[in-house]
Amino acid sequence: MYLKSIELSGFKSFAKKSELLFTSRISSIVGPNGSGKSNVAEAFRFVLGEQSIKSLRGKKGEDLIFNGGGGESRGNRASVKVVFDNSSKVFAIDFPEISIERVVHRDGVNDYFINGSAVRLKDVLELLLGAHIGASGHHIISQGEADKILNTTPKERKAMIEDALGLRLYQYKRIESERKLKKTFENIKEVESLRREIAPHLKFLRKQVEKMEKAESMRTDLIEKAKLYFKSENMFLAFSKTMLLEERKPIDEKLQTLEAELKNARTVLESEKNKDHGSEILRLESEISEARKAKDSLVIELGKIEGLIAGEERVIRKQKEAAATDVTKMIRLRDVELFFNEIQEDVRDAEHKGAADLLELVRSFGQRLASFVSSKKDAVDHTVVVEAEKAIEGFNKDKERIRDRMQQAEARDLELHGTYESMKKSIEAEKDSSRDAEKAVFRIMSEENELIAKLSLIKAREENLKKDEAELMRGLEEAVRLGGSEILKFKDMDIQFEESAWLQKREEEKREISKLVIRLEDAGISGTDEVVKEFRDANERDEFLARELLDLEQSAESLRSLIEDLEKRLAVEFATGIARINAEFGELFKSMFGGGSAELKLTREKKVSFAESEEEDMETEEKIEEGLDISVTLPRKKIHGLMMLSGGERALTSIALLFAISAVNPPPFIILDETDAALDEANSKRYGDMVERLSKHSQLILITHNRETMSRAGIIYGVTMSSTGVSKLLSIEFDQAVEVAK
């Protein structure tokens, strides 16, 4: 026995808890009309997941709950619990006994339980489908549904047979697989759309990263060359400074000595004895000293002016270098605004003329944009250049003025030196020892002039060295800006420096570094970390989508293969099942009618459907619709179709077919709700024989008024209804009675 019991509590007319135990292969439920015996069949439908309240003879969920009457208060809930024996593992749960319970509340909410644990309706249906049980179908057959298999269309009849053959699970899996396949195709389109959407941006980022990788290679090259260059240049400057200091030191010492001698000579000349000539010599010495200082000051000022001119020339050179590349090209906002206003004017003109000029407008815009870019491509920022040229022009004027002043200073210097030479000769011509101090002054001044001339050359070299050092610092700042602080580590390098070898390749190294700096500026490597991160994120996103697309395609292929396997299995199972049903149907039909034949035949019919296309045109689609027709012939009668059968003959035919189906693929139990109501006494006996034959395959619950049918039952439940409107149960167990009698 698979079905052990059913328990009703508050369900329809069963106000109080009522339990039916099914201890026999055939159980019968009897009672007068209106007693509520058919409520038991509906209770089975309810607990097995039936969702159509109409098929349970109600309009809404609360219609299934006892509504009170005759002193009995109405209930707030209705529950039905069915218990199955699972010792033979009919159900896919590792329990010896399975209980399924459904509860409906007044608010229409339903609860489902398996072995007391709350579950979903889906869980209940899947469990029942695995055991070939459903809320409706061939195993719960009412009086009206017995004839339904004859009156229905071939297509619907085929669906009923498929359900009876246990193919519903495969069909469910196929429908679910087709739904998943459709969803998979939608996901594939979505992923492909996402990949197409990010592809242009990813391509742009990839090119940017490639440029940055090249720039990074150049930056590495710049770091290596710059470190060596600045280390060597730094050592060269330090060497040059040391050499100049060594050259200047004896001159400074000699000048200090001469200054001390000059001081003594001045003291002598300032004495009363040599006052006349001394004051004149001292005045001349002072004027020469002042003239020398003025000349030195002008030289320094001229050097500053030349430095400023070099800076402005550097600005002009940078602008020209920028003009040779496209990356750092700058366009004035005013020029862009003018171009935009011209385009807007063209768009307004096209709008007035109509959409016909749209293509021409696009072409015109493309040409004008190309022309605008071309005109600005080789342009130089003339504003900066003009300002720099004006500054150079002003500096050149200052330079000319300083040179004029220098010429005056040199003329004054020549004049003073001429006076100096005349006075020197005059004093040397006098052999008086009192002129020794004056001679000493002239000698000291002569030596000082020679030393100051040498010192001026050294100072000029020092100024050039300072310019080189300033230029080196500017170059270092620029190199560090583009190459990074790693370049500053040149100070920690330990190299062998040879002045002659360095001087030969100094300019070449400088040019190479300058080229690398310009190329790095052109590459525009600012914000590289953000771009690389964005590329990495976009690339990872694309790779993820590619993997997801591959997974989806593999999933789609797997689903297609599964659907094909299910369709093949359905076709084989259906063909085999129909053959077995026909064999059983023919035998049962002959036994009931004493001859004749009956069989199911597969029909194929073309169906034309109409659908609206995307262009809103009606399209026709042809497809083959399969169904099952019933062919019968009665003995001793020329009847070959269902339409010619009498009511009783139709009832026997439908019962024979239903019993044939149940015999081929027996469900655990079958409920027959007054399917024998239209049979006469003779046919009732045949019906009873078929019931006993069917009970060998399935457990039967018979709801009947027929005495012949009742006689085949091992246990009978009587349903009565009192004046309170509550159904009550009585039972007679014939099997036990027979055992007791024995």
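The values are calculated or read from the model by the stated rules, or taken from the named source; none is laboratory data. Bear in mind the structure is a predicted one, so any value in this text is a computation, not a measurement. Note: ideal-geometry Cβ built from the backbone for every residue, glycine included; neighbour counts use all protein chains shown.
Brief remarks follow.
- Elements of type strands (runs of 3 or more DSSP E) contained in the range 643-742, each with 2 or more residues being over 60 Å from the mean Cα position of the chain (by Cα) and not hydroxyl-bearing (Ser, Thr, Tyr): 699-703, 715-721, 727-733
- With respect to (1) modelled with pLDDT under 90; (2) more than 26 Å from Ile716 (Cα to Cα); (3) surrounded by fewer than 16 Cβ atoms within 10 Å (Cβ to Cβ), the lone exception for Ile53 is condition (3).
- Tally of residues being out of contact with any helix residue (DSSP H, G or I) (no Cβ under 8 Å at 6 or more places or on another chain) and either charged (D, E, K, R) or at pLDDT below 80 (or both) across the range 472-502: 9
- Screening Lys329 on (1) of a type in the set (D, E, K, R); (2) modelled with pLDDT of 75 or more; (3) not in a helix (DSSP H, G or I) shows it passes everything except condition (2).
- Condition check for Leu694: out of contact with any Cys (no Cβ under 6 Å at 6 or more places or on another chain), at negative phi and touching a residue at least 40 places away in the same chain (Cβ under 8 Å): no
- Of all residues in the range 284-299, those that are within 19 Å of Arg401 (Cβ to Cβ) and charged (D, E, K, R) have Cβ atoms under 6 Å from Cβ atoms of residues that are at pLDDT below 75 and surrounded by 15 or more Cβ atoms within 10 Å (Cβ to Cβ), 6 or more apart or on another chain, in Lys295/Ala409.
- Total residues in the range 42-78, condition assigned to a loop (DSSP other than H, G, I, E, B) and among the hydrophobic types (A, V, I, L, M, F, W, C): 3
- Unique residue being in a helix (DSSP H, G or I) and either surrounded by fewer than 13 Cβ atoms within 10 Å (Cβ to Cβ) or modelled with pLDDT of 85 or more (or both) when the list is Ala199, Ala215: Ala199
- Here Asp349, Asp296, Asp335, Asp276 are screened, and the one residue that is assigned to a helix (DSSP H, G or I), surrounded by 14 or more Cβ atoms within 10 Å (Cβ to Cβ) and modelled with pLDDT under 75 is Asp296.
- Leading residue by the ranking (nearest to Ala215 (Cα to Cα)) among those in the range 526-554 that are polar (S, T, N, Q) and surrounded by fewer than 16 Cβ atoms within 10 Å (Cβ to Cβ): Ser526
- Residue check, Val572 touching a residue at least 60 places away in the same chain (Cβ under 8 Å), aliphatic (A, V, I, L, M) and either assigned to a helix (DSSP H, G or I) or under 30 Å from Glu626 (Cα atoms) (or both): no
- Criterion violated by Glu42 - all others in (1) charged (D, E, K, R); (2) crowded, with 16+ Cβ neighbours inside 10 Å; (3) touching a residue at least 60 places away in the same chain (Cβ under 8 Å) satisfied: (3)
- Qualifying residue in the range 241-264 (condition: under 30 Å from Arg443 (Cβ atoms), modelled with pLDDT under 80, among the hydroxyl-bearing types (Ser, Thr, Tyr) and part of a helix (DSSP H, G or I)): no
- Residue selected from the range 72-90 under the condition in contact with a Gly (Cβ under 7 Å, 6 or more places away or on another chain) and more than 18 Å from Ala118 (Cβ to Cβ), by the criterion surrounded by the most Cβ atoms within 10 Å (Cβ to Cβ): Gly75
- Arg179 charged (D, E, K, R), surrounded by fewer than 16 Cβ atoms within 10 Å (Cβ to Cβ), over 30 Å from Pro668 (Cβ atoms) and at pLDDT 85 or above: no
- Residue among Lys590, Lys601 that is surrounded by 14 or more Cβ atoms within 10 Å (Cβ to Cβ), touching a strand residue (DSSP E or B) at 6+ places or on another chain (Cβ under 8 Å), modelled with pLDDT of 75 or more and farther than 30 Å from Tyr717 by Cβ: Lys590
- Counted residues, the range 91-105 - those being farther than 17 Å from Glu7 by Cβ and surrounded by fewer than 19 Cβ atoms within 10 Å (Cβ to Cβ): 6
- In the range 444-487, the residues that are buried (at least 16 other Cβ atoms within 10 Å of the Cβ), of a type outside the set (D, E, K, R) and closer than 30 Å to Lys214 by Cα: Leu472, Gly475, Leu476, Ala479, Val480, Leu482, Gly483, Ile487
- Residues that are free of Cβ contacts under 8 Å to residues at least 60 places away in the same chain and surrounded by 20 or more Cβ atoms within 10 Å (Cβ to Cβ) within the range 702-731 comprise just one, Asn706.
- Qualifying residue in the range 562-570 (condition: at pLDDT 80 or above and either under 30 Å from Ala651 (Cβ atoms) or in contact with a His (Cβ under 6 Å, 6 or more places away or on another chain) (or both)): no
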